[in-house]
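Visitor: The structure is given below, and queries will be raised subsequently.
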Amino acid sequence: MRIAVVRESHPGERRVALVPESCGKLIEAGFSVAIESGAGAMAGYDDAAYRAVDAVVEADPQGLVQSADILVKVNRPTNDHGRAEVDWINPATIVVGSLMPLREPRAMAALAERRAIAFSTDAIPRTTRAQAMDTLSSMSSISGYKGVLLAAAELPKYLPMLSSAAGTIFPASVFVIGAAVAGLQAIATAKRLGATVTATDVRPEVKEQIESVGAKYVGIELTEDASAGGGYARELGPADQSRQREMLIDEVARSDVVITTALIGGVFAPKIVTADMVRSMRAGSIVVDLAADGGGNCEVSVPGETVEVDGVRVMAPLNLPATVPEHASLLYSRNLTHFITTFADGGSFQIDLEDDIQAGCLIARDAEIVHGPTREALVSLAEEVPDE
Ligand code: NAD
């Protein structure tokens, strides 16, 4: 089968879906790989590196998509940004990438209309067997790391304790809200930089994980279980929300940096940090809202922008993995390669819906949306009453 990689056209995107190392592995497994000239350039992988592993470098993205048996992408294919990727896809083309189906269900319907076979790696079950294919974890970890670096660069203070002839400087306090993959990496990064770190989550099992990476856990006893299965959280009920808010008022006010990473069902961001909490922080403090791609955890966050409220800067960066493009691409590419080679037989990808990984992450096939949550999201969109 022919695997095709095109340059990502999404504004601000610098990653590439396959790096040369992975192309070599896929070619060894019997596939052919063709890549658009310059597709890896912004991530530090030039055409010569692809040619060196026997990938074919071509100039025409349309020809690449049309000739692909498997199209691998970082972002979902679109007809925007000066390209008509979706329209170029032929029936039965296998599309693999972090398609984020619930954030843009209509884009999945467009893939179904093209009769593509679409797999979204962020719907892969969070099992031990699937770990090596888990793009969500690889990318979340980068966001957690980079979020702390952004805060450190903006904070008008040191993060670590420092003793010098001019006296002692005490460490900055960092508070992390939501401690799954991104949050735990944020804690570890802030600890490495010498900050005092506190963290919270709503799933009780996370307390031990927070402590194992060296942070202090704070939390409330919930009246209702907040676990939604698969390690994901559900939205807190009104009583628990108000008790959590009480707890957060003090924690946020005393922190120099607040990093938020909370998501419901891995997709949508609950509003947790209120505008009043932001105002209660000392001037110069920083909030980094790492849930900005899902709408943001902070009431005043503007996704993609930094806003200032009474001297507190609230950063809501989008797509942080694209700011670490070399390693983000390397990890993403390895995840996709594991996915493809796990189901490969003699250079051919075998569709097997008895397999829990494929069944979990297949979004569209035979002109239909087969992924239950995406289907439900499309039904909800269809039921929305248009504005007068
Ligand atoms: P996520 O991005 O969906 O959520 C981030 C965190 O926000 C979660 O820990 C959640 O409990 C928390 N949260 C939600 N609402 C909150 C609130 N009101 N206040 C505070 N925190 C709140 O998480 P993720 O990184 O995608 O990980 C989801 C789960 O999958 C985790 O349990 C993780 O350990 C697990 N996981 C398993 C594997 C594997 O086994 N292969 C791989 C990766 C992740």
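Visitor: Of the residues in region 3-23, how many are free of Cβ contacts under 8 Å to residues at least 40 places away in the same chain and surrounded by fewer than 18 Cβ atoms within 10 Å (Cβ to Cβ)? Quick ask: steps written out before the conclusion?
Guide: Initially, region 3-23 is screened for residues free of Cβ contacts under 8 Å to residues at least 40 places away in the same chain, giving 20, 23.
Filter once more, keeping what is surrounded by fewer than 18 Cβ atoms within 10 Å (Cβ to Cβ): none.
Counting residues in region 3-23 that are free of Cβ contacts under 8 Å to residues at least 40 places away in the same chain and surrounded by fewer than 18 Cβ atoms within 10 Å (Cβ to Cβ) gives 0.
Visitor: Tell me which strands (runs of 3 or more DSSP E) are completely within region 39-121 and hold 3 or more residues being at pLDDT 95 or above and open to solvent by less than 60 Å² (accessible area, probe 1.4 Å), or say none if there are none.
Guide: Filter on region 39-121 gives 70-73, 94-97, 117-120.
Visitor: Please state which of the following conditions Ala186 fails to meet, knowing it meets all the rest: (1) within 13 Å of the ligand (Cβ to nearest atom); (2) open to solvent by 20 Å² or more (accessible area, probe 1.4 Å).
Guide: Unmet for Ala186, out of (1) within 13 Å of the ligand (Cβ to nearest atom); (2) open to solvent by 20 Å² or more (accessible area, probe 1.4 Å): (2).
Visitor: Next question. Taking the condition under 30 Å from Val148 (Cβ atoms) and in contact with a strand residue (DSSP E or B) (Cβ under 7 Å, 6 or more places away or on another chain), does Gly296 pass? Step through it out loud before you land on a result.
Guide: Numbers: under 30 Å from Val148 (Cβ atoms): yes; in contact with a strand residue (DSSP E or B) (Cβ under 7 Å, 6 or more places away or on another chain): yes.
So Gly296 passes the test.
Visitor: So which residues in region 278-324 are in a helix (DSSP H, G or I) and within 13 Å of the ligand (Cβ to nearest atom)? I'd like the intermediate steps shown before the answer.
Guide: If we filter region 278-324 for residues that are in a helix (DSSP H, G or I), which is where we start, we get 278-280, 292-294, 320-323.
Within region 278-324, Ala292, Asp293, Gly294 qualify.
Visitor: Mind listing just one residue for me: the one in region 202-224 that is out of contact with any Ser or Thr (no Cβ under 9 Å at 6 or more places or on another chain), outside any helix (DSSP H, G or I) and within 13 Å of the ligand (Cβ to nearest atom) and, of those, most open to solvent (accessible area, probe 1.4 Å)?
Guide: Among them, the one singled out is Glu224.
Visitor: Sticking with this one: From the list Leu236, Leu248, exactly one residue is within 10 Å of the ligand (Cβ to nearest atom), outside any loop (DSSP other than H, G, I, E, B) and either in contact with a Ser or Thr (Cβ under 6 Å, 6 or more places away or on another chain) or among the aliphatic types (A, V, I, L, M) (or both). Which is it? Outline the logic, then answer.
Guide: Working: Leu236 fails: outside any loop (DSSP other than H, G, I, E, B).
Every option except Leu248 fails the conditions.
Visitor: Another one. Search region 124-139 for residues being touching a residue at least 60 places away in the same chain (Cβ under 8 Å) and in a loop (DSSP other than H, G, I, E, B), and hand back the single one that is nearest to the ligand (Cβ to nearest atom). Talk me through it step by step, then tell me what you get.
Guide: Residues of region 124-139 that are touching a residue at least 60 places away in the same chain (Cβ under 8 Å), as a first pass: 124-127, 129-130, 132-136, 138-139.
From what's left, in a loop (DSSP other than H, G, I, E, B): 124-127, 129-130, 134.
Numbers: Ile124: 9, Pro125: 8, Arg126: 3, Thr127: 6, Arg129: 8, Ala130: 6, Asp134: 5 Å.
If we take residues in region 124-139 being touching a residue at least 60 places away in the same chain (Cβ under 8 Å) and in a loop (DSSP other than H, G, I, E, B), then Arg126 is nearest to the ligand (Cβ to nearest atom).
Visitor: In this structure, is Leu150 within 22 Å of the chain's Cα centre (by Cα) and within 22 Å of Val314 (Cα to Cα)? I'd like the intermediate steps shown before the answer.
Guide: Values: within 22 Å of the chain's Cα centre (by Cα): yes; within 22 Å of Val314 (Cα to Cα): yes.
Spelling it out, Leu150 is indeed within 22 Å of the chain's Cα centre (by Cα) and within 22 Å of Val314 (Cα to Cα).
Visitor: I would also like to ask the following. Evaluate region 160-181: report whether one residue or more is open to solvent by less than 40 Å² (accessible area, probe 1.4 Å) and free of Cβ contacts under 8 Å to residues at least 12 places away in the same chain.
Guide: Yes: one or more hits.
Visitor: Taking the condition of being open to solvent by 20 Å² or more (accessible area, probe 1.4 Å), more than 9 Å from the ligand (Cβ to nearest atom) and in a loop (DSSP other than H, G, I, E, B), how many residues in region 251-270 meet it?
Guide: Qualifying residue count, region 251-270: 1.
Visitor: Within region 339-388, count every residue that is surrounded by 13 or more Cβ atoms within 10 Å (Cβ to Cβ), of a type outside the set (A, V, I, L, M) and in a helix (DSSP H, G or I).
Guide: 11
Visitor: Then there's this: Criterion first (within 16 Å of the ligand (Cβ to nearest atom) and small (Gly, Ala, Ser)) does Ala153 satisfy it?
Guide: Numbers: within 16 Å of the ligand (Cβ to nearest atom): no; small (Gly, Ala, Ser): yes.
For Ala153, the condition - within 16 Å of the ligand (Cβ to nearest atom) and small (Gly, Ala, Ser) - is not met.
The values are calculated or read from the model by the stated rules, or taken from the named source; none is laboratory data. Please read these numbers as outputs of a predicted model, since none were measured by experiment. For neighbour counting, all protein chains shown are included, and Cβ atoms are generated from backbone atoms with ideal geometry for every residue, glycine included. Ligands, DNA and RNA are stripped out before the accessible areas are found, and what is left, the full protein with its side chains, is counted by its heavy atoms. Shrake-Rupley method; radii C 1.70, N 1.55, O 1.52, S 1.80 Å.
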